[in-house]
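The structure under discussion appears below in the form of structure tokens.
The values are calculated or read from the model by the stated rules, or taken from the named source; none is laboratory data. Remember, it's a predicted structure, so these values are computed and weren't measured experimentally. Cβ: placed from backbone, ideal geometry, glycine included. Neighbour counts: every protein chain shown. For accessibility, only protein heavy atoms count, side chains too; no ligands or nucleic acids. Shrake-Rupley method; radii C 1.70, N 1.55, O 1.52, S 1.80 Å.
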Amino acid sequence: MSGTGSIADILSGIRSGGRSVQVVRERCDLDPSEEMRVVREIGLTRSPNFRIDWQNEDAYRTVLLWMLGHEGATCTNPWTRKPCPVRLDAGIYVCGNTGTGKTWLLDTMNEYAKVRGLKVTCRGRVRPLAWPCVRTDRICDHYSAGGDMSFSTVWATVCFDDLGAEPAESMYMGNRLQVMRSVIERRADYGGLLTLVTSNIPLASRQFTDRYGERVQSRICSMCNYIELVGEDRRKIR
């Protein structure tokens, strides 16, 4: 009878045909302790006030191990607040109060990815792990200017900076749209992409579901490892 075959055979055929939507990471055998020194040096070239301390060290180490493809790193379960394993095929959601260094963290690690030439395989193609960083309000402006949403799945890796700071709705030709909600849903449904996010809004909060709904909350949880930055506003530190 035609059309028969085990699930394993079907999946193998899909992968061999280049239609896999998996994110594939390979371990990079660099010493994380030595690489943390490299990260510090990169940070200092960006600002003489850069520092990694007790408030942000765990976050930097977690992102570094994720970037190097090392098993065993932990992030935070947004509901239980307990440590959970980092998923190498998922992105990063960095949450924290204003000024705790969310954007600075991912920008610094992005420079590190470029320095080390780190790679990731998305949808069957080997690509740079380094990502463009785009403010969410700029994305809404782009939609309002031309109604274009095709960019949603163009980036294999991308960082959406300051989720929650954008307008709740944007308008084009009389049509209102919750742009970032749509972007996140499209990337999740497309599959095989890495999405990074910075936000002041805790993922498991009522504030998040009021703004984006449970559907987006569920998708972000499947798409991203959750990391929280704590501490005072670093912009006020002299």
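Just give me the residues in the range 134-159 being without any contact (Cβ under 8 Å) to a residue 40 or more places away in the chain and among the hydrophobic types (A, V, I, L, M, F, W, C), in sequence order.
Pass one, the range 134-159, residues without any contact (Cβ under 8 Å) to a residue 40 or more places away in the chain: 134-135, 137-138, 141-152, 154-156, 158.
Hits for the range 134-159 are 134, 145, 149, 151, 154, 155, 156, 158.
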(request) Collect the residues in the range 68-111 that are among the aromatic types (Phe, Trp, Tyr) and closer than 26 Å to residue 45 by Cα, keeping them in residue-number order. (result) 93, 104
(request) Can you work out which of the residues in the range 1-16 that are open to solvent by less than 90 Å² (accessible area, probe 1.4 Å) and either touching a Gly at 6+ places or on another chain (Cβ under 9 Å) or modelled with pLDDT of 70 or more (or both) is farthest from residue 191 (Cα to Cα)? (result) 5
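Count, please, the residues in the range 174-195 that happen to be among the charged types (D, E, K, R) and in contact with a strand residue (DSSP E or B) (Cβ under 9 Å, 6 or more places away or on another chain). Walk me through it before giving the result.
So in the range 174-195, the residues among the charged types (D, E, K, R) come out as 176, 181, 185-187, 189.
Applying the additional criterion that residues be in contact with a strand residue (DSSP E or B) (Cβ under 9 Å, 6 or more places away or on another chain) yields 176, 187.
Number satisfying all stated conditions: 2.
Test of understanding: among 137, 148, 141, which residue is in contact with a Pro (Cβ under 8 Å, 6 or more places away or on another chain), charged (D, E, K, R), surrounded by fewer than 19 Cβ atoms within 10 Å (Cβ to Cβ) and more than 14 Å from residue 220 (Cα to Cα)? Break it down into steps so the answer makes sense when it comes.
Numbers: 148 fails: in contact with a Pro (Cβ under 8 Å, 6 or more places away or on another chain); 141 fails: in contact with a Pro (Cβ under 8 Å, 6 or more places away or on another chain).
Result: 137 is the single residue among 137, 148, 141 that is in contact with a Pro (Cβ under 8 Å, 6 or more places away or on another chain), charged (D, E, K, R), surrounded by fewer than 19 Cβ atoms within 10 Å (Cβ to Cβ) and more than 14 Å from residue 220 (Cα to Cα).
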(request) Go over the candidates 39, 63 one by one and state the one that is among the β-branched types (Val, Ile, Thr), open to solvent by less than 80 Å² (accessible area, probe 1.4 Å) and touching a strand residue (DSSP E or B) at 6+ places or on another chain (Cβ under 8 Å). (result) 63
(message) Filter the range 80-100 down to the residues that are more than 12 Å from the chain's Cα centre (by Cα) and farther than 12 Å from residue 63 by Cβ and list them by number.
(response) 80, 81, 82, 83, 84, 85, 96, 97, 98, 99, 100
(message) If a residue must be open to solvent by less than 40 Å² (accessible area, probe 1.4 Å), within 16 Å of the chain's Cα centre (by Cα) and aromatic (Phe, Trp, Tyr), how many such residues does the range 151-177 contain?
(response) 1
(message) Looking only at residues that are surrounded by 14 or more Cβ atoms within 10 Å (Cβ to Cβ) and not charged (D, E, K, R) in the range 116-127, which one is farthest from residue 181 (Cα to Cα)?
(response) 118
(request) Just one of (1) open to solvent by 10 Å² or more (accessible area, probe 1.4 Å); (2) over 19 Å from residue 199 (Cβ atoms) trips up residue 73, so point out which. (result) (1)
(message) Just to be sure I understand, how many residues within the range 76-103 are crowded, with 19+ Cβ neighbours inside 10 Å and of a type outside the set (A, V, I, L, M, F, W, C)?
(response) 8
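So in the range 185-238, with the set limited to residues that are among the acidic types (Asp, Glu) and closer than 22 Å to residue 63 by Cα, which one is modelled with the lowest pLDDT? Before the answer, list the steps.
Let us first name the residues in the range 185-238 that are among the acidic types (Asp, Glu), namely 185, 189, 210, 214, 228, 232-233.
With closer than 22 Å to residue 63 by Cα added as a condition, the list becomes 228, 232-233.
Numbers: 228: 95, 232: 76, 233: 70.
Filtering first and then ranking leaves 233.
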